[in-house]
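I have placed the structure first, in the form of structure tokens, so that the comments after it can refer back to it.
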Number of protein chains: 2
Amino acid sequence: MSQNPDALTISFCPICGASADFLTPEGDSLPRHVCSRCGHINYQNPRLVVGCVAEYEGRILLCRRAIEPRYGFWTLPAGFMENGETTAQGAARETIEEAGAIVEIDAAFAMYSIAHIHQVHLFYRGHLPKPIYAAGIESLAVELFEPADIPWNELAFRSVKLCLERYLEDKKSGHFGFHEAELPPI
Amino acid sequence: MSQNPDALTISFCPICGASADFLTPEGDSLPRHVCSRCGHINYQNPRLVVGCVAEYEGRILLCRRAIEPRYGFWTLPAGFMENGETTAQGAARETIEEAGAIVEIDAAFAMYSIAHIHQVHLFYRGHLPKPIYAAGIESLAVELFEPADIPWNELAFRSVKLCLERYLEDKKSGHFGFHEAELPPI
């Protein structure tokens, strides 16, 4: 999660280099940055952050962040989905990159729309076939936590906290659902 | 769904107008278009298409496309999610824009990753409080279809067909789940 989440002000066309104007293209309903020469339209759309709750024998994999925002806080392995991958592949890739762990993805579990930062956070349920993990370059530490030991006051993001709470509730109930919520500005 | 789904080749920095290089930034794992002067990194990420299966007294709302791709084919109301909205708000907005219908969104229903075109299609279940609808500028026609009358051979997209099939299966079974799949190139 190291990309700037804010919408960009685009001054130049990334294709031809001419100046860009901010106007509503014909047939569109919103203003876009449009090239004054070649007409290229710069759409900006929300980004998907994909991650997972990876479990090994009842313990949950968390990473302590080595990057801003929220340096030093704990998070589920998660990051921006890349072109050319599926949501589940993105969640597994982030788990390898941030936690050095190979996760088997089970099912989509929770989705949070965070409209004011143009993000959608999507978390999967998964499990580690083996308790092998290691901090990647974006993590200070990686640990498997018993539910009772989760550092609730040191979690990095609201979506992570909500997802973990829901996960433990569902686990207790014996049935995992799919959950979604909207996270407005605090 | 009128945006170009392909990844762009960026030649100029959209912020300062200098030339952009294609290289892997320090600490990153993938090449990006990076400005040779100001260092701005142009991330390109998958886009979310949000839509819904909107029902009125057992009939389902479909739109006949007035735009490419798939001009003249039938689709669920759906389109690219915009910055500043939630996934559900995006689905409801597209239903107003394409089908002139106010839909009440019930729950997330199906999600399809289409990695080769960098898209994720997310469909909600919803219902129309009133049978009021009208073709928007991107639609040739809008109709409520009985399940038996759905034009299966004239549907615009695989994700729409799969979603409708799942929807009718779930409706028959009396329980709506959340479904996901990966749609590889045909």
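The values are calculated or read from the model by the stated rules, or taken from the named source; none is laboratory data. Quick caveat, the model's predicted, so the values are computed rather than measured. We place every Cβ from the backbone using ideal geometry, glycine too, and count neighbours over all the protein chains shown. Ligands, DNA and RNA are stripped out before the accessible areas are found, and what is left, the full protein with its side chains, is counted by its heavy atoms. Shrake-Rupley method; radii C 1.70, N 1.55, O 1.52, S 1.80 Å.
Points worth noting:
- Of the residues making up segment B:154-186, those that are away from every other protein chain (no Cβ under 14 Å) and either closer than 20 Å to B:Pro77 by Cβ or touching a Cys at 6+ places or on another chain (Cβ under 9 Å) (or both) number 14.
- All positions within segment B:167-184 that are over 17 Å from the mean Cα position of the chain (by Cα) and on the phi < 0 side of the Ramachandran plot: B:Leu168, B:Glu169, B:Asp170, B:Lys171, B:Lys172, B:Ser173, B:His175, B:Phe176, B:Gly177
- Count - residues of segment A:158-180 that are in contact (Cβ under 8 Å) with a residue 24 or more places away in the chain, closer than 30 Å to B:Gly84 by Cβ and open to solvent by 40 Å² or more (accessible area, probe 1.4 Å): 5
- B:Phe176 being part of a strand (DSSP E or B) and either among the hydrophobic types (A, V, I, L, M, F, W, C) or not assigned by TED's automatic domain parsing to the domain that holds B:Leu8 (or both): no
- Subset of segment B:16-51 (residues that are surrounded by fewer than 18 Cβ atoms within 10 Å (Cβ to Cβ), of a type in the set (A, V, I, L, M, F, W, C) and part of a strand (DSSP E or B)): B:Phe22, B:Leu23, B:Ile41
- Residue match in segment A:100-119 (condition: at pLDDT 95 or above and among the acidic types (Asp, Glu)): yes
- Restricted to segment B:80-94, and to residues there that are within 8 Å of chain A (Cβ to nearest Cβ), in contact (Cβ under 8 Å) with a residue 12 or more places away in the chain and open to solvent by less than 20 Å² (accessible area, probe 1.4 Å), the residue that is farthest from B:Pro46 (Cα to Cα) is B:Thr87.
- Within segment A:69-79, no residue satisfies the criterion of being open to solvent by less than 30 Å² (accessible area, probe 1.4 Å) and among the basic types (Lys, Arg).
- From the options A:Ile137, A:Ile102, A:Ile132, residue that is touching a Leu at 6+ places or on another chain (Cβ under 9 Å) and open to solvent by 60 Å² or more (accessible area, probe 1.4 Å): A:Ile102
- The criterion of being open to solvent by 10 Å² or more (accessible area, probe 1.4 Å) and closer than 22 Å to A:Glu26 by Cα holds for B:Ala66.
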